[in-house]
Each structure stands twice: as structure tokens, then as C-alpha cells.
1. Among the residues of the range A:238-273, write down those that are modelled with pLDDT under 85, over 24 Å from residue A:127 (Cβ atoms) and more than 23 Å from the chain's Cα centre (by Cα).
2. Which one is surrounded by the most Cβ atoms within 10 Å (Cβ to Cβ) among residues in the range B:52-109 that are among the aromatic types (Phe, Trp, Tyr) and closer than 20 Å to residue B:21 by Cβ?
3. I'm told residue A:243 meets every condition in (1) among the basic types (Lys, Arg); (2) buried (at least 20 other Cβ atoms within 10 Å of the Cβ); (3) farther than 27 Å from residue B:154 by Cα except one. Can you identify the failing condition by its number?
4. Looking at the range A:114-144 only, could you name the residues that are among the hydroxyl-bearing types (Ser, Thr, Tyr) and over 21 Å from residue A:229 (Cα atoms)?
5. Return the pair list, or none, for Cβ contacts closer than 7 Å from residues in the range B:84-98 that are within 12 Å of another protein chain (Cβ to nearest Cβ) and more than 19 Å from residue A:95 (Cβ to Cβ) to residues that are aromatic (Phe, Trp, Tyr) and in a loop (DSSP other than H, G, I, E, B), at least 6 apart or on different chains.
6. What single numbered condition from (1) under 16 Å from residue A:179 (Cβ atoms); (2) at pLDDT 95 or above fails to hold for residue B:188?
7. Quick one: in the range A:85-116, which of the residues that are more than 18 Å from the chain's Cα centre (by Cα) and either basic (Lys, Arg) or not in a strand (DSSP E or B) (or both) is farthest from residue A:159 (Cα to Cα)?
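The values are calculated or read from the model by the stated rules, or taken from the named source; none is laboratory data. Quick caveat, the model's predicted, so the values are computed rather than measured. Cβ placement follows ideal geometry from the backbone for every residue including glycine, while neighbour counts extend to all protein chains displayed.
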There are 2 protein chains.
Amino acid sequence: MVDEQRLPENNVQQIELLTGTEDSYGGVRIEIKNRMDSNVFGDVLRASISQWRQKGTKGVWIKLPIQHANLVEAAVKEGFWYHHAEPDYLMLVLWIPKTAHTLPANASHRVGIGAFVINSKREVLVVQENSGRFKGTGVWKLPTGVVNEGEDICTAAIREVEEETGIKTEFVEILAFRQSHKAFFTKSDLFFVCMLQPLSTEIQKQEEELEAAQWMAMEEYAAQPFVKKNPLFDSIANICLAKKDMKYTGFSPFSATSSSGKTNILYFNNQDLKQPLSSGKYKKTEPVQYKNNK
Amino acid sequence: MVDEQRLPENNVQQIELLTGTEDSYGGVRIEIKNRMDSNVFGDVLRASISQWRQKGTKGVWIKLPIQHANLVEAAVKEGFWYHHAEPDYLMLVLWIPKTAHTLPANASHRVGIGAFVINSKREVLVVQENSGRFKGTGVWKLPTGVVNEGEDICTAAIREVEEETGIKTEFVEILAFRQSHKAFFTKSDLFFVCMLQPLSTEIQKQEEELEAAQWMAMEEYAAQPFVKKNPLFDSIANICLAKKDMKYTGFSPFSATSSSGKTNILYFNNQDLKQPLSSGKYKKTEPVQYKNNK
């Protein structure tokens with residue numbers, strides 16, 4: 001993405017300038033697509049910064065695919081810093097004005113789910129993990145997992161339960177959620193306790209992650225010494241017990257597709273609305289793909 | 001963090017190996033603290049990888065401060081890829097076994113809040129923004145903002161309301177939340193609608209971000225054409241109207257400090273529990289610092 005524009009001041013050593021797309025905040029976004037010598041890149045960057053400064057450009061974003069790792073040092077030398085990285089690229093950023101930058105922060109949270117799956121006998125689906133802090137403790141816990149990038153919380157809960165135990169489920173509600181900090185390097189964690197209704201009964205345990213999986217009387221789960229002693233586990237067990245008796249209202253998911261086609265799910269206490277939603281602009285999510293496709 | 005260990009096979013060219021701390025997943029974490037020549041680093045890395053392979057090491061994490069950007073290319077040449085980056089460092093990672101890696105994913109979500117602040121006259125605190133998509137539209141909206149890294153959702157809501165409008169508040173409940181995807185590069189967004197009770201009445205508008213701020217009858221807010229036409233805004237307005245009539249139960253925050261001293265807030269429907277929590281292991285959060293400190 002080096003264009004044919006020339007610096008008029010210099011007819012001997014012609015420097016091509018970087019071009020990108022302008023964003024709606026007075027900034028410019030550049031993606032390096034072709035291999036370049038790092039010295040040449042440094043020269044091009046200096047000339048480009050000079051031009052951006054004249055034009056009043058604010059933030060400059062450079063997306064550098066990992067195959068162009070040879071250019072990282074040159075960008076840092078010109079004052080760029082790291083904004084974020086994904087496995088295949090590094091995003092560098094520079095703020096040209098002399099004011100404090102107003103660049104948006106990087107993603108700050110990981111999202112996880114715990115699944116409360118209760119069958120018609122009022123038994124809860126529980127597992128024993130074969131790694132991590134619960135390994136060898138004999139503690140029976142709710143199936144848990146991480147929400148993938150771009151995945152809905154309700155979809156992740158259904159997926160994790162099926163992956164770990166083979167049980168197919170329908171999403172009902174979010175019963176509670178916890179925010180905790182410094183969960184992973186400097187990042188925070190949001191953990192959603194989800195109630196699901198089973199659509200099948202026979203457990204097929206995932207061999208890699210689980211020591212055991214079974215249906216267990218809810219009271220037996222809640223009475224485990226580890227659960228009783230841990231405020232978080234104890235509170236969640238109390239919430240699940242209230243839900244088991246049908247005396248607890250959580251947040252139900254309703255989806256609307258925005259004009260740009262984005263998935264967009266709103267979770268709220270639908271029972272307390274004057275006119276509870278059953279259809280309309282926001283529709284109750286129907287994860288039917290899980291009922292029919294497998 | 002290059003130690004004194006030598007490769008015994010080679011007495012002529014002695015290569016020092018990288019050392020770090022072992023993690024609980026069979027991996028090793030290294031932080032580069034001193035400046036190094038990139039060729040030397042490449043040699044050291046190759047020898048170290050060879051030793052890790054012999055020892056059965058799984059994941060290798062290298063934290064590379066931005067002042068050592070000269071070493072990025074050498075690490076990538078040895079097979080490392082980017083895990084994540086923060087402004088001042090890049091985290092590179094390598095999976096040594098021939099199996100698929102089980103390294104944890106990077107943070108996937110940004111978290112935002114919208115504040116529903118309602119006074120004793122049942123008026124809602126609303127603002128008009130002077131930038132972004134609402135600039136010049138005349139739309140009155142709830143104050144919104146981004147939750148900072150390491151910040152509790154309830155603290156962020158109180159902070160944003162005070163920053164934007166000067167109104168001091170007490171946190172009441174989370175009324176609803178929305179998950180949406182591809183909100184920022186590939187990242188997702190979790191947006192929490194928070195109810196707060198005002199502790200002061202006089203608005204002092206933030207000049208930088210806001211065109212205007214005022215108290216407005218809730219029905220007038222909800223009747224705005226933009227709100228009526230947008231399913232998300234309309235649903236949130238309906239939830240807020242239900243809350244205004246005290247007929248809606250959201251999720252209240254309760255905090256417990258874990259043994260490691262971590263902040264840990266659980267949000268749930270406290271009114272529906274058999275024995276609603278008012279104290280005990282999990283305690284109702286009391287953001288008193290905002291009442292007294294300012």
C-alpha cells in the first residue's frame with residue numbers, strides 16, 4: 001500500500017508515501033501488504049508522518065501482518081507503539097497531535113460460562129475435571145468454558161455442555177454473572193451462570209478434559225464442603241436451588257439483527273415487563289440449529 | 001534473563017540459554033529485560049527451543065518490552081507468533097509439541113455501560129453528544145462510557161455519570177445487557193444498562209464530549225422517534241419505564257474478596273432468593289468512596 005505519490009521537494013531521492021483509509025475520527029488506517037526492506041520502510045514512514053502532520057491527521061494505525069515482523073522495529077523507532085496483536089498481525093499506533101491521545105482501548109475482558117442444566121428429576125449435570133485447580137479434588141462442578149471470539153453467550157453455553165457431556169440443551173436464562181480482575185495477565189473476566197434445559201439424557205463424557213460426568217441431586221451438589229465454604233460457589237448454588245423451585249427470574253435472551261446484519265442479543269428480566277416480549281422487534285432467541293443439526 | 005547455563009555439547013561457542021518461570025500447564029514464561037543483539041537472540045532462542053523440546057516443555061511465552069522491538073523478527077523466524085500486545089510490550093508464544101495447541105485465547109470483549117439515573121420527580125438524566133454517530137441529531141440519550149481495564153462495572157457507571165454530568169450517584173442494579181460482535185476490529189462488546197440513584201441534582205456538563213445535559217420526563221425520552229424506531233433503544237426504554245414504576249427486578253451487585261485479595265462482584269436477582277442477601281459471605285457493594293471523597 002505504497003502509492004505513486006511523490007514528495008515534490010526531492011527530485012533525486014523519490015520517496016513513496018504510505019496511504020490508507022481515513023477513519024471518522026480524523027485518523028488513517030494502513031495495512032502493510034507487501035514485503036519491504038526495513039530501512040526503506042523507515043524512510044517511507046518518516047516522510048509519511050511529516051505529510052500527516054501537515055494535514056492535521058490525528059491517529060495513525062498500521063496493521064502489520066506477522067510475515068512483515070522485520071518492520072516492527074522501524075515503526076517503533078518512529079514513535080509508534082503497540083495497540084493490540086492477534087496471532088497473525090500486530091497493530092501499531094501513533095498519535096500525531098501534541099494533545100493527549102483519545103485512541104480507544106484494546107479489549108479488556110475474557111468471557112466464560114457455567115452451565116446449570118437440570119433434568120425432569122430435578123438433578124443437575126455435574127463434572128469432575130482432570131486438570132487445573134480442581135484436578136484430583138473430587139469436587140463435582142457445573143460444566144464451564146470460554147466464550148469464543150464472536151460467539152453469543154447462549155450459543156457458547158449450549159456448545160460447551162454438548163462438547164463436555166454430549167447432552168443437547170436449550171438455553172433458558174442467565175441466572176447471575178461475576179466480574180473479576182487480573183484473571184489472565186492484566187485482563188478481567190466476566191463469567192455468566194446460564195440455565196439450560198436438557199433435550200437428551202445420556203451422558204457421553206469428553207475423555208480429554210473430564211474425569212467423570214453425571215446427573216446429581218441438586219441438594220447433594222450444593223452440600224459439597226468445597227461449595228459451602230466458597231462464597232461464590234455457595235451463592236451460585238443458592239441461586240440454582242431457587243431456580244430449581246421455579247422461584248427465581250433471570251435474564252432471558254432476545255435477539256434483533258441490526259441494519260448492518262450484526263448479531264445483537266439483549267438479556268433482561270422479561271417477566272417483569274408490562275408486556276413481556278414473545279415476538280416483535282426483539283425476538284426470543286431460538287438456537288434451533290442445535291436441536292436439528294446433530 | 002539469560003542464565004549461566006551452558007550447552008555441554010559445545011565448548012568453543014558457548015550459548016547461554018533463556019530461563020523463565022514454569023507455569024502450571026507444562027509451559028515456561030520468559031521476560032526479556034536486557035537489550036540484546038538480534039542475531040545473538042536468534043542463536044540463544046534456537047538453543048533454548050532445542051532444550052525445551054528435550055524437556056517436554058509445551059507452551060513458551062516470551063514477553064518482549066517495546067524497547068526490545070529489535071528482537072521481534074528473530075522470534076518470529078524461530079516459529080513464535082503473537083499472542084497479545086499492550087502499549088508497552090508484545091507477548092509472543094510458541095507451542096513445542098506436535099499436537100494442536102491448548103493455549104488460552106486473548107481477551108475478546110470490550111465492556112461498556114449505559115446509565116439510567118432517575119430522580120425523585122421520575123425524570124431521567126439525558127445527554128446530547130458532540131461527536132460520534134449522534135452528533136447533531138438532537139437525540140437525547142442515556143450517558144454511556146467504557147469500563148476501564150480492571151474497573152468494576154458498578155464503579156464505571158458511577159464514574160462516567162459524574163464525569164459527564166457532575167451528578168453523584170449510588171449504584172442500584174443492572175437492568176439488562178447486550179452482547180454484540182465485531183464492535184471494534186474483531187472484538188465483541190458487552191454493554192450493561194445500569195440503574196443509579198442520584199445523590200445530587202445540579203448538572204455540570206462536561207464541555208469536551210457533550211453538547212447538552214438535562215433531566216427529562218422519562219416518557220418524553222422514550223417517545224423520541226429515534227428511540228421508538230431502534231429495537232435496542234426501544235427495548236431498553238421499556239425496561240427503564242418498568243423500573244420507573246418499580247415493577248422490574250434487575251441484578252444487584254454483591255462483592256466478596258477472594259483469598260488472593262481479588263475484587264469479585266456477583267450480580268444476581270437478590271429479591272427472588274429464599275433468603276435475600278443483605279450481608280454474610282457476599283456483601284452488598286457499597287461504593288461509599290463516591291459519597292464521601294468528593
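1. A:246, A:247, A:273
2. It comes out as B:80.
3. Residue A:243 satisfies every listed condition except (3).
4. Across the range A:114-144, the qualifying residues are A:120, A:131.
5. Cβ pairs passing all conditions: B:92/B:80; B:93/B:80; B:94/B:80.
6. (2)
7. Among those that are more than 18 Å from the chain's Cα centre (by Cα) and either basic (Lys, Arg) or not in a strand (DSSP E or B) (or both), it is A:98.
Residue by residue, here is whether (1) at pLDDT 95 or above; (2) part of a loop (DSSP other than H, G, I, E, B); (3) not hydrophobic (A, V, I, L, M, F, W, C) holds:
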site: A:9; (1), (2), (3): no, yes, yes
site: A:26; (1), (2), (3): no, yes, yes
site: A:34; (1), (2), (3): no, yes, yes
site: A:42; (1), (2), (3): yes, no, yes
site: A:46; (1), (2), (3): yes, no, yes
site: A:49; (1), (2), (3): yes, no, no
site: A:60; (1), (2), (3): yes, no, no
site: A:69; (1), (2), (3): yes, no, no
